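The values are calculated or read from the model by the stated rules, or taken from the named source; none is laboratory data. Here the structure is a predicted model, which is why all the values come from computation and not from measurement. For neighbour counting, all protein chains shown are included, and Cβ atoms are generated from backbone atoms with ideal geometry for every residue, glycine included. For accessibility, only protein heavy atoms count, side chains too; no ligands or nucleic acids. Shrake-Rupley method; radii C 1.70, N 1.55, O 1.52, S 1.80 Å.
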Amino acid sequence: AHFTEHMMFLGTAFEPEEGAFKAFLQRHGGTSNAFTGMESTGYHFSVVHDALPEALARFAAFFTCPLLRASSCAREMNAVDSEYRRNLQDDSRRLFQLVKSTASHDHPFSKFSTGCLDTLSAAQEPAEAVRAFYERHYLAGAMQLCVIGREPLDQLEALVLASLAELRVSPPAEAS
């Protein structure tokens, strides 16, 4: 799950360039990030008001047409491993792992959840594993979206629906 979270930021059929979403947000006063918890992964972004429609279309592409390129896997595996190694000396993380180690080995809570090079390389081809995880877990019925903006709720809903419709047609042409 954590590895897939990393891979989702690395290009879509809508905008194939790695880092395009981040660059768009930066040009429009925004940021993005994600986190993987015990039972879910959350993605979030902020952007200036006027760029929300374009940002929503780009964001929707993460979940409808991510590229999940094999050529990006090694670098992102190293990024996940770096996070794991950075957290090894964090007392709160160590305590959490201790609590997890007391759970039944048959329960999902007991599993190692961060990922490292050893665990990410253990099974099948990493790109195939990410694609399989995405196809199994990134389903519309399992997702929730929250949009906060200036507009009334009906207008925000219309923005979301329009961004999905736009995604089916073609990427937005952004004026630089």
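A few notes on this one:
- The chain - percent of accessible surface contributed by carbon and sulfur, probe 1.4 Å: 55
- Computed FRET value (nearest 0.05) for Tyr134 with Asp90, which takes r as the C-beta separation and R₀ as 35 Å: 0.75
- Between Glu157 and Ser71, the modelled label-to-label distance comes to 4.3 nm, taking each label 7 Å out from Cα in the direction of the beta carbon.
- Note: relative contact order over segment 1-160, using C-alpha pairs below 8 Å and six or more positions apart, is 26 percent.
- With all protein chains kept in place, the per residue accessible area of the chain amounts to 62 square angstrom at a probe of 1.4 angstrom.
- Helical runs (DSSP H, four residues minimum) scored at -39500 (n - 2.57) apiece and divided by the length of the chain put the mean residue ellipticity at 222 nm at -15500 deg cm²/dmol.
- If R0 is taken as 35 Å, the Cβ-Cβ distance between Arg150 and Lys100 corresponds to a FRET efficiency of 0.25.
- Note on Ser82 and Ala127: their simple-model spin labels are 2.2 nm apart, each label 7 Å out from Cα toward Cβ.
- For segment 119-163, backbone nitrogen atoms closer than 15 Å to the point 7 Å from Ala13 Cα along Cα-to-C-beta are found at 135.
- With loop membership from DSSP and a limit of 14 other Cβ atoms within 10 Å, the longest segment of the chain without GluC sites (Glu not before Pro) is 40-173.
- Under the simplified labelling scheme, the Met143-Ser110 pair shows an inter-label distance of 3.4 nm, with each label point 7 Å from Cα along Cα→Cβ.
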